[in-house]
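Below is one structure, written out as structure tokens, with a few remarks after it.
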Amino acid sequence: MNILNMTRILIIFSLANLFINTTYAEPHSTLGKGREYYEKRGDIIWEVPSQNKVIALTFDDGPDYTRTPEILNLLKQYQAKATFFVVGNRVEKFPHIVKQEFLEGHEIGNHSYDHASFQNISRTKLLTELNLTQEAIYNATGHKPILFRPPGGSYNETAVNICKENDLLMILWSWDQDTKDWASPGVDKIVNKVLNNVDNGDIILMHDFVHNSTQTVDALKIILPELIKRGYSFVTVSELLSNKDLPGRHIEVSE
Ligand SMILES: [Zn+2]
């Protein structure tokens, strides 16, 4: 093999690698310690492998005045439980929606106060983001969350430690269940991402606050009945973690 051919192969290999890495990019650590390190220690959860056909749907960035109630209606129709990772300043705007999420049996998680980037964030600012949001959720529901999801999935040692000190468990999502619905990629793309990759114990990432988009809601109208048909049930992240009530919950769909 001559040098030119070898170079070609190397270029193709690098491009393929680049493609794989960008297509399936995982939430990232900003300090170089990767998934394996934090997953082994139980500091961060990406998914919860299970023998049972259970899935945790998660909705970030809300509450939203219009979309969240639409999603709540769909979840009720399909007897599905989900987890809402809410943003503190939006909780203060729409506390009644967060209360409704809680009263209908969904789980509320902390997703920071103003969705600031957590890369290079100071310890003080990070603590403020966590505490203000804990307080807003407590004021709305009477309960403090035990789950935290960092904006953009960015984490580092400081964030992990602050979560632990404040009894919050950091939750990310299954690497192949990032629907990217925040970018309004089209209903089909959201649906296919979930349906083509679904596996027991997955944590699916969606958003109930996406500016000017109904795609998440429209995708759910397809995803929920299809996964129920395949025998899956939908639980909160804490239920997924505690492995309780898992085997075959009977689902009756009300019209
Ligand atoms: Zn977010």
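Other residues whose C-beta falls under 10 angstrom from the C-beta of Gly62 contribute a net charge of -3, scoring Lys and Arg +1 and Asp and Glu -1. Here the range 123-195 and the range 63-78 have alpha carbon centers that stand 19 Å from each other. Taking 4 °C and 1.567 mPa s as conditions, the range 34-135 diffuses translationally at an estimated 85 µm²/s according to Stokes-Einstein applied to its Kirkwood radius (Cα pairs). Dividing the Cα radius of gyration of the range 120-207 by its Kirkwood radius returns 1.04 for Rg/Rh. Take the Cβ-Cβ distance between Thr66 and Glu157 as r, set R0 to 41 Å, and report the resulting FRET efficiency rounded to the nearest 0.05. Using R0 = 41 Å, I get an efficiency of 0.60. Each of Ile222 and Asp176 was given a label point 7 Å from its Cα along the Cα-to-Cβ line. The distance between the two points is 1.9 nm. Determine, at each q value in 0.15, 0.19 (inverse angstroms), the log₁₀ of I(q)/I(0) that the Debye formula gives when each Cα of the range 44-242 is one equal point scatterer. Values, matching the q order: -0.85, -1.39. Summing charges over all other residues whose Cβ lies under 11 Å from the Cβ of Pro151, with Lys and Arg as +1 and Asp and Glu as -1, gives -3. Each of the peptides 119-131, 207-219 was scored by the mean count of other Cβ atoms within 10 Å over its residues; in descending order, highest first, they stand as 207-219, 119-131.
Counted by neighbouring Cβ atoms within 10 Å, the residues Ser112, Ser184 run from fewest to most as Ser184, Ser112.
Report the equivalent ellipsoid semi-axes for the range 46-101 in whole Å, largest first, defined as the square roots of five times the eigenvalues of the gyration tensor built from alpha carbon atoms.
Taking √(5λ) for each Cα gyration eigenvalue gives 24, 14, 7 Å.
Maximal additional length on extending the Glu165-Asn197 stretch stands at 8.1 nm, based on 0.36 nm per residue less the C-alpha distance. In this label model, Ser117 and Gln77 are separated by 3.9 nm, measuring between points 7 Å along each Cα→Cβ vector.
Its residues counted as N, the range 90-133 yields a C-alpha radius of gyration over 2.2 N^0.38 Å of 1.34. In plain terms, the residue of Asp176, Asp60 with the fewest other Cβ atoms within 10 Å comes first and the most crowded comes last, giving Asp176, Asp60. The distance between label points at Ser184 and His96 comes to 2.8 nm (points 7 Å beyond Cα on the Cα→Cβ vector).
Taking each residue as 0.36 nm, the span from Thr214 to Thr124 lengthens on full extension beyond its C-alpha to C-alpha distance by 28.8 nm.
Values quoted throughout were computed directly from the atomic coordinates according to the rules given, and no laboratory measurement underlies them. Everything quoted here is computed from the prediction, not taken from an experiment. Methodologically, a virtual Cβ is constructed for each residue, glycine included, from the backbone with ideal geometry; neighbour enumeration extends over all protein chains shown.
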